[in-house]
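Beneath this line is the structure, given in structure tokens, with notes to follow.
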Amino acid sequence: MKQAIVARTDIGMGTGKLAAQVAHASLKAYENAGADAQREWKSDGQKKIVLKCSGERQLRKLADKARQERLPYALVTDAGHTQLEPGTVTALAVGPGPENIVDKVTGDLSLY
């Protein structure tokens, strides 16, 4: 079991903002997973990886792939209180799910 979190590189998030957006995405996708997937992922050590993408369009395409693969996922939209405009899509988490299926969605991306 694995979770991949994908963050945008084109919007200039600071390190703290990036960390917060990744955390939001991870937790939201976990909450969207079924109880069995949650339990298995937790017992497997909650494996996760953070990847980068070039923009919102790419994030939305990845979300569509995750949906097609029937994986839990979560797109994060910023509230706009600090660095970004309200409604800016910042990150996507895919999984937790079987590692080979998560890799079908995110396997071509680079580490952040």
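Of the residues making up segment 1-16, just one is crowded, with 22+ Cβ neighbours inside 10 Å and either closer than 13 Å to T82 by Cα or touching a His at 6+ places or on another chain (Cβ under 6 Å) (or both), namely M13. Checking each residue in segment 68-98 for being touching a residue at least 40 places away in the same chain (Cβ under 8 Å) and surrounded by fewer than 17 Cβ atoms within 10 Å (Cβ to Cβ) picks out T82, Q83, P98. In segment 30-43, the residues that are closer than 19 Å to L75 by Cα form Cβ pairs under 8 Å with partners that are surrounded by 10 or more Cβ atoms within 10 Å (Cβ to Cβ) and among the hydroxyl-bearing types (S, T, Y), at six or more places apart or across chains, as follows: N32/Y73; Q38/Y30.
Only a single item in (1) surrounded by 15 or more Cβ atoms within 10 Å (Cβ to Cβ); (2) more than 14 Å from V6 (Cβ to Cβ); (3) out of contact with any Gly (no Cβ under 9 Å at 6 or more places or on another chain) is not met by E31, and it is number (1).
Every number here is computed from the coordinates shown, using simple stated rules; none is lab data. These numbers come from a predicted model, not from an experiment. A quick note on method: Cβ atoms are made from the backbone with ideal geometry, for glycine too, and the neighbour counts reach across all protein chains shown.
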